[in-house]
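The values are calculated or read from the model by the stated rules, or taken from the named source; none is laboratory data. Not measured: the values here are computed from a predicted model. Heads up, the Cβs are rebuilt from the backbone with ideal geometry, glycines too, and the neighbour counts pull from every protein chain shown. What goes into the accessible areas is simple: the full protein's heavy atoms, side chains included, and nothing from ligands, DNA or RNA. Shrake-Rupley method; radii C 1.70, N 1.55, O 1.52, S 1.80 Å.
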Amino acid sequence: MVLDTNVLVSALLSPYRPPARVLDRLLEGSAHLCYDTRIVGEYREVLARPKFGFDEEATGALVDYLEASGELVAPRSLNLVLPDAADAMFLEVAAAARADCLVTGNLRHFPAEQRQGVLVVSPTELIHD
């Protein structure tokens with residue numbers, strides 16, 4: 001699975017909602033994370049934003065764990081046309097890794113015609129699958 005940053009943030013903000021259940025799957029080892037250096041860099045940058053008030057040491061340890069337990073992927077650029085160009089990295093990694101899915105809270109950011117055969121699901125869809 002590839003995890004959009006918004007799911008990780010939501011999981012930490014609301015520990016009893018579906019995004020947190022997705023994170024639980026990663027932490028317990030029942031799901032496998034695929035990432036690249038851009039994704040890990042975004043995780044670290046976003047989780048360190050003062051507006052969230054997350055403990056920097058705790059989020060650093062979380063990202064370290066996700067990185068150590070996941071799979072580093074070297075994707076190629078797919079020249080995607082997405083509503084937010086910064087989201088391309090998630091689809092590129094998912095396609096290169098042949099990941100089971102890309103989990104995002106922003107399905108509309110990944111139009112069906114740009115998905116490159118990648119299954120894109122919301123946290124709720126994933127946990128009720």
Subject >> All positions within the range 8-47 that are under 18 Å from A99 (Cβ atoms), hydroxyl-bearing (S, T, Y), open to solvent by 10 Å² or more (accessible area, probe 1.4 Å) and part of a helix (DSSP H, G or I) >> reply: T37
Original post:
Do we find that E92 is under 17 Å from F110 (Cα atoms), of a type in the set (D, E, K, R) and out of contact with any helix residue (DSSP H, G or I) (no Cβ under 7 Å at 6 or more places or on another chain) in this structure?
Top reply: yes
Subject >> Positions within the range 50-74 being within 23 Å of F110 (Cβ to Cβ), in a loop (DSSP other than H, G, I, E, B) and open to solvent by 40 Å² or more (accessible area, probe 1.4 Å), in sequence order >> reply: A74
